[in-house]
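The values are calculated or read from the model by the stated rules, or taken from the named source; none is laboratory data. This is a predicted model, so every value here is computed, not measured. Counting neighbours? That spans all protein chains shown, and the Cβs are built from the backbone with ideal geometry, glycine included. What goes into the accessible areas is simple: the full protein's heavy atoms, side chains included, and nothing from ligands, DNA or RNA. Shrake-Rupley method; radii C 1.70, N 1.55, O 1.52, S 1.80 Å.
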Amino acid sequence: MASSTQAREVHHRKEEDALDEERELIDLNKEAKHEDDDKIVASETREAKKQKVEQEVKDANQEDERRGGMTRTTTPRSLTQEEAKAKEDDARASRMLASTSNDLVRPGLDINDYVDDSEQTLTFLTRWKAPETPPEKIIHRSLVDQCSKPIQKQLTTSDVTQNRLSLSNSQVRKKFQQLLGDESGRKESRFTVYGPDGKVHEIWLREKKRSFDLTIGWWTFVEQYGLKECCDFVTVWMFRHSVTRRICLAVDTTRFAFRKQVSKRISDAAFENSD
């Protein structure tokens, strides 16, 4: 009797264990199904985003093509007679300058033995006009109070090999005199000089009988900006600083394809350098 009862209890426990295993398996299957569902939803979301991005790119490309087509079919504006003439003059001047730059220095002769007195160079330089005030790259316009007319000059061998930049006495007095004021008559005066990149330098200006020379500090200026004779031209302004009220100088440089020193005739005509 006891043996039969124990057998039934064992059988009952086995049935309960089997039910527990079945319920656990069902729960695991449900969890697995949920994970699969989540992966499917995530995959569908990524695919939807990908399709959306691809569609946006496609729409953007179609819009660019449409605009490009419109641009290409637009008739360009015709140049006025003045614009066409100016464009042709610039092209002609460029061709003239290119032909001038092809001249080679013959062995045994110094470059200063060659002087450019051609009409092409005269035409080119007379068309090159410096601005009335220093460019913004040198100093902000609001800091320039009273400003002189610019002095332009082609650098000579002495300008870049000796510690001086010689400016025509007549040009300095004609264009700088009003601002020189109390500085005029002194043998030497120190000026704050703004370079082509806006950097500030201290350079001395020395008055001579026929010229005004930028002296102490000029050699450093030449080295810093890699200036060379013949091909480099300088433009010099004198102005009063609106904040410090000091008289200052601004120096800009322009490089052309010249390999010769221009003649006095051209220099006088292009830069009003006559004494």
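Candidates in region 232-259 are the residues that are in a loop (DSSP other than H, G, I, E, B), open to solvent by 20 Å² or more (accessible area, probe 1.4 Å) and not basic (Lys, Arg); of these, the one that is farthest from GLY195 (Cα to Cα) is ALA257.
Filtering GLY181, GLY217, GLY195 for residues that are at pLDDT 95 or above and of a type in the set (Gly, Ala, Ser) leaves a single hit, GLY195.
When region 153-174 is filtered for residues that are more than 17 Å from LYS264 (Cβ to Cβ) and touching a strand residue (DSSP E or B) at 6+ places or on another chain (Cβ under 6 Å), the ones remaining, listed by number, are ARG164, LEU165, VAL172.
Filtering region 256-272 to residues that are within 16 Å of LEU165 (Cβ to Cβ) and touching an Asp or Glu at 6+ places or on another chain (Cβ under 8 Å) leaves only GLN261.
Checked against (1) under 26 Å from the mean Cα position of the chain (by Cα); (2) on the phi > 0 side of the Ramachandran plot; (3) among the small types (Gly, Ala, Ser), GLY217 passes all but a single condition, namely (1).
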